[in-house]
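Chemist: Dropping the structure in here first, questions after.
Values quoted throughout were computed directly from the atomic coordinates according to the rules given, and no laboratory measurement underlies them. Computed from a prediction, not measured in an experiment: that's the story for all the values here. With ideal geometry, Cβ positions are generated from the backbone for all residues, glycine too; neighbour counts draw on all protein chains shown.
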């Protein structure tokens, strides 16, 4: 990995790129009018490009970079603000002031919705095992402008932890989080989304196992939630109560303490 700037750069962007490189403990490489592809070929590395308004993460030989976007969170929050229901919020029984842990953060869509619901009084934490994806999502949550004040506040409140889920869960005390959440469908979604197809080989795919579920139950005060494909065997395998939805491709399941 290295960090560079967009083609048309300035001193502020250069300083920001150098600061990011220092934070990530990777090299900063001046652009010097070279293409991203040329720099990647020379270094055989992924790279983060600092632009005027956003960061881009280029995987090796990727046609399109990864750029943070809150995906479905925006229209879901608009619907919630209008008094409509959200199946995820209902499955997790989220209310103001709750603590929520997302063990499969991905692009943080569900965590943004959770943060909107739990408000300033609550906390939302998300784990991401891939170092550079964790950094990109952390920065995106701080800087993306949705033009919705309460959504911007919700994004800014989310704490992104660079850790594998089991490792982080194991570090937490008993009964320390109201709700623990898993969305292994992120494995599929990350490959299907045009903007992040190039990250397929960078993403970490830790499937659920008995130890992870046990740790989640130990940590959770109320519920452990699983979002998965309606044909998934995980619900039955780990004993989740399934909230079935007739026309949906995915269901939510829960384990209760």
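Chemist: Out of 23, 125, 104, any idea which swings most in a Gaussian network model of the chain, alpha carbons joined below 10 Å?
Modeler: So, out of 23, 125, 104, the one fluctuating most is 23.
Chemist: Using Cβ counts within 10 Å as a stand-in for footprinting exposure, how do 76, 54 rank, fewest first?
Modeler: Placing the least packed residue first, the sequence is 54, 76.
Chemist: Mean-square fluctuation check for the chain, GNM, Cα pairs under 10 Å: which of 215, 42, 128 is largest?
Modeler: Top of the fluctuation ranking is 42.
Chemist: Under the √(5λ) rule applied to the eigenvalues of the Cα gyration tensor, what semi-axes describe the equivalent ellipsoid of the chain? Give them in Å, descending.
Modeler: Over the Cα atoms of the chain, the ellipsoid semi-axes are 34, 20, 17 Å.
Chemist: Fewest Cβ neighbours within 10 Å first, please rank 241, 85 accordingly.
Modeler: 85, 241
Chemist: Pairs of Cα atoms under 8 Å, at least six residues apart: use those to get the relative contact order of the stretch 2-53, whole percent.
Modeler: Relative contact order here is 56 percent.
Chemist: Using a Gaussian network model of the chain whose springs link C-alpha atoms within less than 10 Å, name the residue from 158, 48, 20 with the highest mean-square fluctuation.
Modeler: Of the options given, 20 has the highest mean-square fluctuation.
Chemist: Sticking with this structure for a sec: Tell me, what is the percent relative contact order of the chain, built from C-alpha pairs under 8 Å that lie six or more residues apart?
Modeler: 15 percent.
Chemist: Next up: Report the rotationally averaged projected area of the stretch 2-53 based on its alpha-carbon convex hull, in square nanometres.
Modeler: Taking the Cα atoms of the stretch 2-53, their convex hull projects to 3.3 nm² on average.
Chemist: Per residue of the chain, what 222 nm ellipticity follows from adding -39500 (n - 2.57) for every DSSP H run with n ≥ 4, rounded to the nearest 500?
Modeler: -10500 deg cm²/dmol
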